[in-house]
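Structure first, commentary second.
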Amino acid sequence: MTSRASNPAIQAFVRGLSEHPQIGEVLITAKNSGEDCFELRHIDDREEKATALIPCTTEDLREIVATDPQGNFRPLKSSPDLRRGWIAKASTESALWELLNILYPGAIGDWYAQQHQGSRPTSYPDFVGRQSGMYRGASQLSPLETRSLVAGCCSERHCLKQRLWTTEGEATHDASQDLPLLCREPCQLLLELARRTSKMLQEPQVSIELPRSEATALMTILKEQLKRGKPTDRIADFSSPLNPRRIDHLTRRIEQQFPGQTEELGE
């Protein structure tokens, strides 16, 4: 456990809690006195009485973040599907640091490094250029295909992190002051989707001619499926045609090919 004297990141974070008490889906309340200096709960439980929520230890919290409300494994801790109904308390800044690293691993350290050290995030071309073996194909996607892939995989619908890294030809992203969930390089989920997309683009291509109204109907169906999803959908299973990131990416690809012909994809 890191001591207060050696952890300027958590100290800086605590100083800003009065202005920015939320990180991801978690609300943090700082108490003026008492043994429990900090209280954490799901942001959607902010109106609930503490007695209505289940107290949890660090080990309890590890179990909570491991699965979504339907009991599916959460491979991405920054996905917007954190379970509700719990409350955790920390008596020190070091204890708060431990809880936050369970909820959002590395988030406070990344935020502090970006704010105070200004380190340069990894770009997508640099990241995929270092890949070898089965992931080498991720570097073969065109800049247009890459932007569509990133837009579909990294949208707020799927991930709460603020992306700092860029794709080829994309302007640099500046980190906001109030959202310490920062993404400094592409994640494994994006890399896997890029690999599968690269393989799919090598398959025989087919062309379908549709009236504009039917194309719009197809887009509507895809969007509705994306909104509804299924409790059993596994977000890392890109072999499934119903994978939400895969559907999101497909929808954006269609819109790129037919600009102005279908309704704009909304978040």
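The values are calculated or read from the model by the stated rules, or taken from the named source; none is laboratory data. Keep in mind the model is a prediction, meaning the values are calculated, not measured. No Cβ is skipped: glycine too gets one built from the backbone with ideal geometry, and neighbour counts run over all protein chains shown.
Only residues that are under 15 Å from the mean Cα position of the chain (by Cα) and in a loop (DSSP other than H, G, I, E, B): list them for the range 51-82, please. Within the range 51-82, ASP68, ARG74, PRO75, LEU76, LYS77, SER78, SER79, PRO80, ASP81, LEU82 meet the criteria. Among the residues of the range 6-21, some residue qualifies, meaning at least one is more than 26 Å from the chain's Cα centre (by Cα), modelled with pLDDT under 95 and assigned to a helix (DSSP H, G or I).
Please determine, by comparing only the residues of the range 31-50 that are assigned to a helix (DSSP H, G or I) and under 22 Å from the mean Cα position of the chain (by Cα), which one is nearest to LEU103 (Cα to Cα). Only one residue tops the list, namely ILE43.
Of the residues examined, THR67 is not one that is over 27 Å from ASN243 (Cβ atoms), surrounded by fewer than 18 Cβ atoms within 10 Å (Cβ to Cβ) and either in contact (Cβ under 8 Å) with a residue 24 or more places away in the chain or in the same structural domain as ASP36 (by TED's automatic domain parsing) (or both).
The rows are residues; the columns are (1) closer than 30 Å to LEU17 by Cα; (2) among the hydroxyl-bearing types (Ser, Thr, Tyr); (3) at pLDDT below 85; (4) loosely packed, with under 15 Cβ neighbours inside 10 Å.
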| site | (1), (2), (3), (4) |
| --- | --- |
| ARG157 | yes, no, no, no |
| LYS161 | yes, no, no, no |
| GLU170 | no, no, yes, no |
| ALA175 | yes, no, yes, no |
| ARG195 | no, no, no, no |
| LEU201 | no, no, no, yes |
| THR220 | no, yes, no, yes |
| PRO231 | no, no, yes, yes |
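Which one is farthest from ARG15 (Cα to Cα), of the residues in the range 108-130 that are surrounded by fewer than 21 Cβ atoms within 10 Å (Cβ to Cβ) and in contact with a helix residue (DSSP H, G or I) (Cβ under 7 Å, 6 or more places away or on another chain)? The residue in question is GLY129. Got at least one residue in the range 186-193 being surrounded by fewer than 13 Cβ atoms within 10 Å (Cβ to Cβ), in the same structural domain as ALA138 (by TED's automatic domain parsing) and at pLDDT below 85? Within the range 186-193, not a single residue is surrounded by fewer than 13 Cβ atoms within 10 Å (Cβ to Cβ), in the same structural domain as ALA138 (by TED's automatic domain parsing) and at pLDDT below 85. Here ALA88 fulfils each of the conditions (1) crowded, with 16+ Cβ neighbours inside 10 Å; (2) under 12 Å from CYS183 (Cα atoms) apart from (2).
Just to be sure, is THR220 assigned to a helix (DSSP H, G or I) and closer than 22 Å to ARG163 by Cβ? No; evaluated as a whole, the condition is false for this residue.
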